[in-house]
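A.B. asks: Can you read through this structure? Questions will come right after.
Please treat every number below as a calculation from the coordinates, not as lab data. These figures come from a predicted structure and were not determined experimentally. Cβ sites come from the backbone with ideal geometry, for glycine too, and all protein chains shown count toward neighbours.
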Amino acid sequence: MSDTRPILIAGPTASGKSGLALRLAEAIGGVIVNADSMQVYRELRILTARPSVEEEARVPHALYGFVPAKESYSAGRYAADVARVLADIQAAGQRAIIVGGTGLYFKALTEGLSPIPPVPEAVRTFWRTRAAAVGAPGMHAELAARDAAMAQRLAPTDMQRIVRALEVLEATGVSLADWQRVPREPVLPLADTIPLRVDIDRAQLYRRIDRRFAAMMDAGAADEVLQLDRLGLDPGLPVCGALGVGPLRRFIAGEVSRETALIEGQTETRQYAKRQITWARSNMIAWRTLSAHEMEMSAEEFASFVQMAH
């Protein structure tokens, strides 16, 4: 393929986008670049459906499993890392295939992020400790008292974003809402890419999710969570919010049966997929949707389709 523009493949969890990216990368000699906020973490290969060792050996992969669970990886770090990776891929004369389901990562890539200064670790530690003590509703009340406009934009249960808003306010003295209005610089403008979005039947997607979570449990996902817990991590770290961690922790502790943990994991993954679909339909209007037929094309057919798509 003479076109060297990066190919973006976004879609909900379990939609088949990673398998499609793998087939395409093999057909065109591409490099697969991660755009999933949980697949960056080293410790949860099974539970985050990260590419297997065998899959990683078939084509080059970048930004997978390179961050230790004890770190709080962010969209800002992702923007810097993906810019470096894309420069390396371009310098090598290769083509990037960026695949994942984290809308914020694609937004950081194609639209840029607000230039918020780094938050000192002491401030981050303070608010994570506070969050563990008072819970999400308490944190939301604190945010409402200090930054009512930002609090109105966040659900009282959205702990991660509430903590982020308080951290930024504490560190900079400026509301996160004000920072988000500052003009941004994209890493890779959407016009310079071939952006594709998987559009899959909801019932079919939910069946795929249920089958995959059951397969994860059979493959040892509970053992991964057990090893994660042995690290003694701060429960406010992003990795601790990975899909399935909560139900599997309760199973390991003997609080619920294996069957209940399975059902809970499947349910929260379906709920997450629904949110991904809603977000994509609102924020990825300019992206070319991929039908079920297009998803099932051979690698060569899909490569030709991509060439003609834009």
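A.B. asks: Please state the charge dipole magnitude for segment 1-97, taken about the Cα centre, from unit charges on C-beta atoms (+1 on K and R, -1 on D and E), reported in debye and rounded to the nearest 20.
C.D. replies: So the dipole magnitude of segment 1-97 works out to roughly 100 debye.
A.B. asks: Please compute the net charge surrounding Arg207, taking Lys and Arg as +1 and Asp and Glu as -1 over other residues with Cβ under 11 Å from its Cβ.
C.D. replies: Summing Lys and Arg as +1 and Asp and Glu as -1 gives +3.
A.B. asks: Measure out, as a whole number of angstrom, how far apart the alpha-carbon centroids of segment 236-254 and segment 1-77 sit.
C.D. replies: Each part reduced to its Cα centre gives a spacing of 22 Å.
A.B. asks: So which trypsin sites (Lys or Arg not before Pro) in segment 169-214 end up in coil per DSSP with only 14 or fewer other C-beta atoms within 10 Å?
C.D. replies: Arg181, Arg184
A.B. asks: At 7 Å along Cα-to-Cβ for each site, give me the label-to-label distance between Ala286 and Glu56 in nm.
C.D. replies: Each label point lies 7 Å from its Cα, and together they span 3.4 nm.
A.B. asks: Continuing with the same structure: Could you rank the peptides 57-65, 40-48 by their average count of other C-beta atoms within 10 Å per residue, with the highest value first?
C.D. replies: 40-48, 57-65
A.B. asks: Given a cut-off of under 8 Å on Cα pairs at least six residues apart, what relative contact order in percent is computed for the chain?
C.D. replies: RCO, the chain: 27 percent.
A.B. asks: With the chain treated as a Gaussian network of Cα nodes joined by springs under 10 Å, which of Val256, Val67, Val134 yields the largest mean-square fluctuation?
C.D. replies: Looking only at Val256, Val67, Val134, the biggest GNM fluctuation is shown by Val134.
A.B. asks: Treating the beta-carbon of each Lys and Arg as +1 and of each Asp and Glu as -1, no other charges, what is the dipole magnitude of the chain about its Cα centre, to the nearest 20 debye?
C.D. replies: Dipole size: approximately 500 debye.
A.B. asks: Percent of alpha carbon pairs in segment 121-179 separated by more than 20 Å?
C.D. replies: 12 percent
A.B. asks: Something else: GNM, the chain, Cα, under 10 Å: largest mean-square fluctuation among Gly241, Gly232, Gly103?
C.D. replies: Result: Gly232 has the largest fluctuation of those listed.
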